[in-house]
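Quick notes on the structure that follows.
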Amino acid sequence: MTGAPTGPPSVAVIGAGWAGATAARLLHDAGCGVHVYEAARVAGGHSRSEVLNGVVYEPEGPHIFHTSDQRVRDFAVRHGMGRPYAHCGLTHVFLDDDDEHGRTLSWPPQVDELRGLPLWPAIERELAALPEHPSTRDFASYCVGVMGPTLYRLFIEGYTVKQWGRRPEELSARFAPGRLGLRTDGVRRLFRDTWEFFPAEGAQGVIESVLRPVPGTFGEEVTADRFPDLEEVHDAVVITAPLDAFLRRPGELEWRGIRTVSRYVPVDGPEETATAGYIVNQPSLRVPYTRTVETKHATGQRIAGTVVAEEYPGADARHYPVLTPDERNERGNARLQREIREATRMRVFFCGRLANYDYINQDVAIAQGMACADEVLAALRTGPRV
Ligand SMILES: Cc1cc2nc3c(=O)[nH]c(=O)nc-3n(C[C@H](O)[C@H](O)[C@H](O)COP(=O)(O)OP(=O)(O)OC[C@H]3O[C@@H](n4cnc5c(N)ncnc54)[C@H](O)[C@@H]3O)c2cc1C
């Protein structure tokens, strides 16, 4: 390990996404010696943004920052997350097999728009018959309980089969409530949090600003077999990496990955775009990808060009934890956490979406980074583990 600090208390932070960057910065500001180890050549993790022919785009998928947590908001804003934004979702649906072109509707579905569809009489009957409390047995039961079978088929079923590579009945209902709903109030803004931002250059510059004073080694994956090196210089380690890969035992946890195909599209004017909105879901099985993403809608960048990405699910990558009704992967992850703690003299802390195997947004990743920094400081006050 080159460039790592030598004087205690010293903390290694593995991973420079939101969780690792936040923990690293707060520990640095509290006076710890901190060194970040990041596998990629740049910081940012899944929230990373890049530039293609001058156009800002998101190679790992679209990232809208929204939160109701004042401390998280203040931290992000202090580092440049300052541009208010209000995201409105869109979905392109085919009403039946004879619907050649389909139509673009709001996401979540808006009752006002649905009234104009030929399917409305069936939808209306089903909405009137919804149970007071949707079943939480599995994802399919929950969705049908919230919107009825017709809307479930139009908006959810095909998308879920494509996105997760399995039937909605095989998925947990746990991640559904925050992401699903039927709108009757005409409000098209997707998120209901107090604050919502989209920086003009995406999240990249903000995360780099968080990490600015913290030394780091980039472009090098760190796995558990490096513990002896790390123990030479660090008292504690914060791990934000996926734990099956960290232990070099791929396959012990299930993940779902996406392949994002981004292409530059020339357009005539600086305000022109190529698709209907920032994100357009494609729930139909007729379309091989799950959605298009055109970040220019969110950045408001004025440039005679744009980048449109198509997201193809099923790639060999760790984008999404797979939450099944029996919670087998969460149990597996807890087992790997115990094993890793036993494998080193350092105090070990797990933080973020991958190491906690947790389907979380950026604001929660930041909150976990904050909580983790507090825990590390409390633990180091009691002395390094030997
Ligand atoms: C497609 C997609 C869309 C999303 N959309 C949104 C959205 O709109 N709004 C929102 O708030 N959230 C969104 N999220 C969630 C958001 O990406 C995460 O909450 C956030 O990025 C989690 O940050 P993290 O630091 O925990 O993990 P990550 O961002 O994944 O960072 C982990 C870092 O660790 C590094 N790493 C991994 N293994 C190693 C290793 N062995 N050694 C060294 N480094 C390693 C990785 O390279 C990475 O940089 C989305 C996620 C995905 C996948």
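Every number in this text was worked out from the coordinates using simple rules, so none of it is lab data. This structure is a prediction, so every number in the text was calculated from the model and none was measured. Positions of Cβ are backbone-derived with ideal geometry, glycine not excepted, and every protein chain shown enters the neighbour counts.
By its C-alpha gyration tensor, with a ≥ b ≥ c as the square roots of the eigenvalues, how is the range 124-179 shaped: rounded for a/c under 1.5, else prolate for a/b larger than b/c, else oblate?
Numbers: a/c = 2.31, a/b = 1.41, b/c = 1.64.
Since a/c reaches 1.5 but b/c is at least a/b, the shape of the range 124-179 is classed as oblate.
Peptide packing: for 31-44, 75-88, the average count of neighbouring Cβ atoms within 10 Å per residue gives the ranking 31-44, 75-88, highest mean first. Extension gain, Ala276 to Arg71: 0.36 nm times the residue separation minus the Cα-Cα distance gives 70.4 nm. With runs of 4+ DSSP H residues as the only contributors, calculate the mean residue ellipticity of the chain at 222 nm using -39,500 (n - 2.57) per run, divided by the residue total and rounded to the nearest 500. Value at 222 nm, helices only: -8500 deg cm²/dmol.
What does the net charge come to around Tyr152 if you take all other residues with beta carbon closer than 12 Å to its beta carbon, with K and R at +1 and D and E at -1? List each step's numbers first, then the result.
Working: positive: Arg153; negative: Glu126, Glu157, Glu169.
That sum, taken over residues with Cβ under 12 Å, equals -2.
Using the Karplus relation 6.51 cos²θ - 1.76 cosθ + 1.60 with θ = phi - 60°, the per-residue 3J(HN,Hα) values for the range 188-202 come to 8, 4, 5, 8, 10, 6, 5, 10, 9, 9, 9, x, 4, 10, x Hz, with x marking Gly and Pro.
Near Val34, the amide H atoms lying under 5 Å from its own belong to Val11; only residues 5 or more places off or on other chains count, and H is placed 1.01 Å from N.
Among the trypsin sites (Lys or Arg not before Pro) found in the range 208-293, those both in a DSSP coil and sparsely packed, with 15 or fewer other Cβ atoms within 10 Å of their Cβ, are Arg248, Arg286.
A full extension of the chain between Arg167 and Asp268 corresponds to an added length of 32.1 nm, given 0.36 nm per residue minus the alpha carbon distance. Each peptide in 326-337, 359-370 was scored by the mean count of other Cβ atoms within 10 Å over its residues; highest first, the order is 359-370, 326-337.
Quick check: from the Cα gyration tensor, does the chain come out rounded (a/c under 1.5), prolate or oblate? Note, shape of the chain comes out prolate. Here the spin labels are modelled as points 7 Å beyond Cα on the Cα-Cβ line, and at His133 and Tyr289 they lie 4.2 nm apart.
Sequence gap at least 6, Cα distance under 8 Å: using those rules, report the relative contact order of the chain to the nearest whole percent. Don't jump to the answer; show the numbers that get you there.
Numbers: 805 pairs, mean separation 101.8, N = 386.
Taking the mean separation of contacting Cα pairs over the length of the chain, I get 26 percent.
Where the centre of each part is set by its Cα atoms, how far does the range 214-288 sit from the range 90-119, in angstrom? A separation of 32 Å, based on Cα centres.
Membrane-span-like helices in the chain: DSSP H runs reaching 27 Å or more (Cα, own axis), mean Kyte hydropathy at least 0.0? Could the numbers behind the result be given before it?
Values: long enough: 362-381 (29 Å, 0.67).
Sorted by number, the helices that extend far enough and score high enough are 362-381.
To the nearest 20 Debye, how big is the dipole of the chain about its Cα centre, given +1 on the beta carbon of each Lys and Arg and -1 on that of each Asp and Glu? Intermediate results must be reported in sequence, preceding the final value.
Details: 43 positive and 52 negative charges, 124 e Å.
Roughly 600 debye, rounded to the nearest 20.
In percent, what relative contact order does the range 89-188 have, based on Cα pairs under 8 Å that are 6 or more apart in sequence?
On the way: 124 pairs, mean separation 31.8, N = 100.
That works out to 32 percent.
The protection proxy used here, the mean number of other Cβ atoms lying within 10 Å of each residue, ranks peptides 121-131, 298-308 as follows, highest first: 298-308, 121-131. With the cut-off at under 18 Å, measuring from each backbone N in the range 238-279 to a point 7 Å along the Cα-to-Cβ line of Ala86 picks out 277-279.
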